[in-house]
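Read-outs throughout are calculated quantities, based only on the coordinates presented, and are distinct from any laboratory measurement. All values derive from a computational prediction rather than experimental measurement. Note: ideal-geometry Cβ built from the backbone for every residue, glycine included; neighbour counts use all protein chains shown.
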Amino acid sequence: MKNIKLMTLLFCFLGFYQVKAQGVTATPEQIKELTSNWTGERFDDGRPKVSDALLERMKNIQIEEAWGFLRGKGYNNQYEGQWEIIHPESAMTGRVVTAQYMPSRPDYQRVVKLNGAKENRDTIGGSNSWPIQQLVSGDIYVADGYGRIIDGTLIGSNLGNAIYANSGNGVIFNGGVRDVAGLLDVKGFNGWHKGADPSYLQEEMLTSINMPIRIGRATVLPGDVVLANQHGTIFIPSYLASELVLSSEIVGLRDRFGFQRLREKKYTAGQIDTRWTEEIKDDFENWLKSYPDNQLPMTRKELNDYMASKKQK
């Protein structure tokens, strides 16, 4: 019995030490472990470096297409909707930097500040500025503020300006913002949030940066790629981003082909809206061959390789 108690105490001590030792921000090694399926280039902090060109192409992808693709890969919990959006007419894509917030607790907050000091953080000002220091061009600041709006406003116009200066992007907050009028004046900045309030952030503390978080219905990892538009937000594992974009672009071309053939009355709606016959498949392939290269969303090589891979299956 004594041995069992000693082992239990030892495991508790080791567990406490591990939590304490990890600091506020995930290490590059931790992020690499979380995103081990990614085989490409990485940032110094360990996050996958999905290309800017791919992020730009992703802005044209429909949320439903991305959602369907991810469900087909077994990722069923990557979407969150019902947002207030600063510029709903614009889409935003980027690489995720995560932050977790919780209701304030003095003893825990003291540990966070001590670990923040070890990471050379500003421990005099508010810790809600710490994740902003992590941002580089193409990033999106994604924070779980547990849905709190009153006294849960994670940023106002000052921090909004700092976020845009570092990332050229905006934010996705499961929480509130303040000074929306000022945020609207930050040219290029956008934000998805759960509500606005004039109150300041209080009785709420940052607990981690670049750790896994929950945004409503979605589980989000640092380095995920996010697609955000007026229809919601979807968080895409980095290693699937390229395949998702290409697959969704092919779906878009199939739709254009189908709409054109329906207008031409070559096929019926029933023929287009079901499994295609070999005749329609051949027609689509010939249609693709005559499609102007400069109007394709992908390169001609990407298209040919994709179509060839489908034929082999």
Value of Rg/Rh across the range 256-313 [Cα atoms, Kirkwood radius]: 0.99
Residues with beta-carbon under 15 Å from that of Pro48, excluding Pro48: net charge, scoring Lys, Arg +1 and Asp, Glu -1? -4
Whole-number D in µm²/s for the range 229-291 (Stokes-Einstein; Kirkwood sum over Cα pairs; 20 °C, 1.002 mPa s): 158 µm²/s
Summing +1 per Lys or Arg and -1 per Asp or Glu among the other residues with Cβ less than 14 Å from Asn161's Cβ gives 0
Return the Cα extents of the range 137-190 along principal axes one, two and three, sorted largest first, each rounded to a whole Å. 27, 22, 13
Using helices alone, I'd like the mean residue ellipticity at 222 nm for the chain: each DSSP H run of four-plus residues gives -39500 (n - 2.57), total over residue count, nearest 500. -12500 deg cm²/dmol
Here the Cα Rg-to-2.2 N^0.38 Å ratio for the chain is 1.18
Please quote Rg/Rh for the range 156-313 to two decimal places, taking the Kirkwood radius as Rh and restricting both calculations to Cα atoms. 1.12
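Does the range 27-141 classify as rounded, prolate or oblate by the C-alpha gyration tensor (a ≥ b ≥ c root eigenvalues; a/c under 1.5 gives rounded; else a/b over b/c gives prolate, otherwise oblate)?
It comes out prolate by the Cα gyration axes.
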Would you calculate the convex hull of the Cα atoms in the range 189-275 and tell me its volume per residue in Å³? 182 Å³
Once both axes come from the Cα atoms, what is the angle between helix 157-167 and the longest principal axis of the chain, in degrees from 0 to 90, rounded to 10? 60 degrees
